[in-house]
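**Q** The structure follows.
Rule-based calculations on the coordinates, nothing more; no lab input. As the structure is a prediction and not an experimental result, all values here were calculated from the model. Ideal geometry is used to build each Cβ from the backbone, glycine not excepted, and the neighbour counts take in all protein chains shown.
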Amino acid sequence: MEAAIADAPVVLTERAIKQVLRQKERLGKQGQFLRLGVRGGGCSGLSYVIDWETEPDDEFDVTYAQDDVAFVIDIKSAKYLQGTVLDFDIKNLMEGGFTFQNPLAVRSCGCGTSFTLK
């Protein structure tokens, strides 16, 4: 299923878009989608998912496109990601990378990869 970016639960910043396109080129992932999602686990209860997807599941995934980045989010994860901004930040070698700014999260772990919902 494909939806308009206005309906996307996640918005990518310009820095995130540039980094996704760089990685796509460097890793040879042309024709693939960026997978964004949530799964149980991590020190705060839920963990963010970023991966590459070759074939989204038409029954459970919704496909979005922002600029030149196509990404998929499964229907269940979309509920937990509503209003989230995906950014890319290079603070230093240890802390840099993709960051999720999720307005539904009440607590996040120190590394920012897991969170607790309101």
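**Q** Within region 39-46, does at least one residue satisfy the condition of being among the basic types (Lys, Arg) and outside any strand (DSSP E or B)? Working first, answer last.
**A** To start, the set of residues in region 39-46 that are among the basic types (Lys, Arg) comprises 39.
If we keep only those that are outside any strand (DSSP E or B) as well, we get none.
Within region 39-46 (the criterion being among the basic types (Lys, Arg) and outside any strand (DSSP E or B)), the answer is no, since none of the residues qualifies.
**Q** Which of (1) under 11 Å from the mean Cα position of the chain (by Cα); (2) under 20 Å from residue 27 (Cα atoms); (3) touching a residue at least 24 places away in the same chain (Cβ under 8 Å); (4) surrounded by fewer than 19 Cβ atoms within 10 Å (Cβ to Cβ) does residue 85 not meet, given it meets every other one?
**A** The one condition residue 85 does not meet is (2).
**Q** Same structure, new question: Quickly run through region 14-43 and pick out the residues that are among the small types (Gly, Ala, Ser) and surrounded by fewer than 19 Cβ atoms within 10 Å (Cβ to Cβ).
**A** 28, 31, 40, 41, 42
**Q** Filtering region 53-69 down to residues that are crowded, with 18+ Cβ neighbours inside 10 Å and free of Cβ contacts under 8 Å to residues at least 40 places away in the same chain, which residue is farthest from residue 7 (Cα to Cα)?
**A** It comes out as 53.
**Q** Within region 15-40, track down each residue that is β-branched (Val, Ile, Thr) and under 16 Å from residue 88 (Cβ atoms).
**A** Of region 15-40, the ones β-branched (Val, Ile, Thr) are 17, 20, 38.
Hits for region 15-40 are 17, 20.
**Q** OK, next. Which one is nearest to residue 48 (Cα to Cα), of the residues in region 65-82 that are part of a strand (DSSP E or B) and within 10 Å of the chain's Cα centre (by Cα)?
**A** Filtering region 65-82 for residues that are part of a strand (DSSP E or B) and within 10 Å of the chain's Cα centre (by Cα), the one nearest to residue 48 (Cα to Cα) comes out as 73.
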